[in-house]
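Engineer: One structure, pasted below without further comment.
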Amino acid sequence: MKMRKLGRSGVEVSPLAFGGNVFGWTADEPTSMLLLDRFVAAGFNFIDTADMYSKWVPGNKGGESETLIGKWLKKSGKRDRVVIATKIGMEMAPDKKGLSPAYIQRAVEDSLKRLQTDYIDLYQSHIDDADTRLADTLGAYEKLIRHGKVRAIGASNYSADRFEEALAVSRKHSLPRYESMQPLYNLYDRADFEQKLQAVCVKNGIGVISYFSLASGFLTGKYRSEADLGKSARGQGAKKYLTDRGRRILDALDSVAREMAATPARVALAWLMAQPGITAPIASATSLPQLEELIAATRLSLDSAALDRLDAASRSS
């Protein structure tokens with residue numbers, strides 16, 4: 001498998017990242033272990049999670065995903081075969097949020113303990129912290145990199161202007177720069193990334209790892225009416241896509257999928273992988289058949305006619 005460079009970090013990743021938001025939520029421990037084993041056996045190495053996954057589940061407090069990944073790393077002995085990306089910044093508790101140097105130092109130790117590893121390959125600012133100076137946040141990351149606890153840093157959910165400012169601060173103060181951006185981006189949710197952020201990432205050689213790559217499952221074709229939303233625990237997240245534009249996109253995906261003997265999910269991911277600047281879309285699975293779909297998407301190449309048809313169907317009106 002041809003690996004892709006993650007920005008200028010020297011870290012190389014597979015063209016697809018496994019989304020760890022399902023671990024400890026819709027994928028229990030045995031299932032999570034099975035999926036991770038298969039993912040790595042298929043030649044992939046990129047696993048994305050966050051400290052707060054899956055705090056939204058009743059009874060959970062955050063850290064469940066990292067904990068399961070840590071158990072898998074210890075059991076499998078495959079730490080040197082994977083790139084672990086996790087995130088910090090979203091609220092874990094009233095006193096556990098943000099990107100202050102003091103909290104970064106505290107949070108990284110918690111993540112390392114849960115992951116049962118002594119370093120994190122990609123440590124990402126999950127959300128911007130307007131109350132902390134960028135230089136202070138980047139300075140804290142510099143210390144983690146210098147001490148070998150983090151290999152590279154990235155950002156998520158930053159505006160284009162704020163991200164450009166962060167890159168400028170890195171240059172001015174000779175601090176580590178964000179080597180990756182994790183934006184909301186898929187065949188339906190295009191505007192926010194494409195308007196300005198995409199150009200910033202391409203210009204600066206930033207690796208882009210898109211989240212909600214299948215629009216909460218909508219782009220698989222699983223949810224075509226409100227009656228379908230009860231098919232899974234994540235179904236309600238697809239409700240907002242049930243629009244005329246959403247149906248046009250599904251029609252185009254169906255058409256291209258038929259012609260290529262593929263599925264809508266494979267086509268939607270292949271479209272993402274073909275977009276300028278995209279390093280590796282993030283997608284999750286809760287069963288082996290779902291994971292095989294994701295793996296198959298990396299072997300699908302769309303021609304210009306198919307890409308044009310999908311672009312036209314998904315263009316904002």
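The values are calculated or read from the model by the stated rules, or taken from the named source; none is laboratory data. Predicted, not measured: the structure shown is a model, and the values here were computed from it. Neighbour counts are summed over all protein chains in view; Cβ atoms, including those assigned to glycine, are modelled from backbone coordinates with ideal geometry. Quick note on the areas: whole protein, heavy atoms, side chains included, nothing else; ligands and nucleic acids left out. Shrake-Rupley method; radii C 1.70, N 1.55, O 1.52, S 1.80 Å.
Engineer: Report, to the nearest whole %, how much of the accessible area of segment 1-68 belongs to carbon and sulfur atoms, 1.4 Å probe, protein only.
Structural biologist: Of all accessible area on segment 1-68, carbon and sulfur atoms account for 52 percent.
Engineer: What is the packing order of peptides 208-217, 274-283, taking the mean over residues of other C-beta atoms within 10 Å and listing the highest first?
Structural biologist: Highest to lowest by the protection proxy: 208-217, 274-283.
Engineer: Follow-up question, since we're still on this one. Report Rg(Cα)/(2.2 N^0.38 Å) for the chain, keeping two decimals.
Structural biologist: Here the Cα radius of gyration is 0.96 times the empirical estimate.
Engineer: Based on the mean of other Cβ atoms within 10 Å per residue, sort peptides 261-272, 25-36 so the most packed one is first.
Structural biologist: Descending mean neighbour count gives 261-272, 25-36.
Engineer: What does the extension gain come out to for ALA274 and SER301, with contour length at 0.36 nm per residue minus their alpha carbon separation?
Structural biologist: 8.9 nm
Engineer: Moving on to the next point. I'd like to check one number: the per residue accessible area of segment 228-317, probe 1.4 Å, reported in Å² as a whole number.
Structural biologist: Heavy-atom accessible area per residue stands at 45 Å².
Engineer: Please report the carbon-and-sulfur percent of the accessible area for segment 80-214; probe 1.4 Å, protein heavy atoms only, DNA, RNA and ligands left out.
Structural biologist: Its accessible area is 49 percent carbon and sulfur atoms.
Engineer: In segment 295-317, which residues have a backbone nitrogen under 14 Å from the label point lying 7 Å from ALA261's Cα in the Cα-to-Cβ direction?
Structural biologist: 300-301
Engineer: Report the full-extension gain for the segment ARG224 to LYS75: residue separation times 0.36 nm, less the Cα-Cα distance, to one decimal in nm.
Structural biologist: Extra length available between ARG224 and LYS75 comes to 49.6 nm.
Engineer: Between segment 77-115 and segment 193-209, what's the alpha-carbon centroid distance in Å?
Structural biologist: Segment 77-115 and segment 193-209 have Cα centres spaced 25 Å from each other.
Engineer: Further question on the same structure: Treating cross-link reach as a plain straight distance, find the lysines whose alpha-carbon is under 19 Å from the alpha-carbon of LYS240, omitting any fewer than eight places away in the same chain.
Structural biologist: Filter leaves LYS222, LYS231.
Engineer: How much of the accessible area of segment 263-317, in percent, comes from carbon and sulfur atoms when a 1.4 Å probe is used?
Structural biologist: For segment 263-317, the apolar C and S fraction of the accessible surface comes to 51 percent.
Engineer: Compute the Cα gyration tensor for segment 147-272, then decide on rounded, prolate or oblate, letting a ≥ b ≥ c be the square roots of its eigenvalues: rounded whenever a/c is under 1.5, prolate when a/b is larger than b/c in the other cases, and oblate in all that remain.
Structural biologist: Prolate shape, in that a/c is at least 1.5 and a/b is the bigger ratio.
Engineer: Find the accessible area per residue for segment 57-173; the probe is 1.4 Å, ligands and nucleic acids are left out, and the unit is Å².
Structural biologist: Heavy-atom SASA per residue in segment 57-173 reads 46 Å².
Engineer: Find the relative contact order for the chain and round it to a whole percent, using C-alpha pairs within less than 8 Å whose residues are 6+ positions apart.
Structural biologist: Relative contact order here is 18 percent.
Engineer: Quick one: grab the alpha carbon gyration tensor of segment 7-152, order the square roots of its eigenvalues as a ≥ b ≥ c, and give me rounded if a/c is under 1.5, else prolate or oblate depending on whether a/b is larger than b/c.
Structural biologist: oblate
Engineer: Considering only DSSP beta bridges whose two residues both sit in the chain, what percent are antiparallel, to the nearest 5?
Structural biologist: That works out to approximately 10 percent antiparallel.
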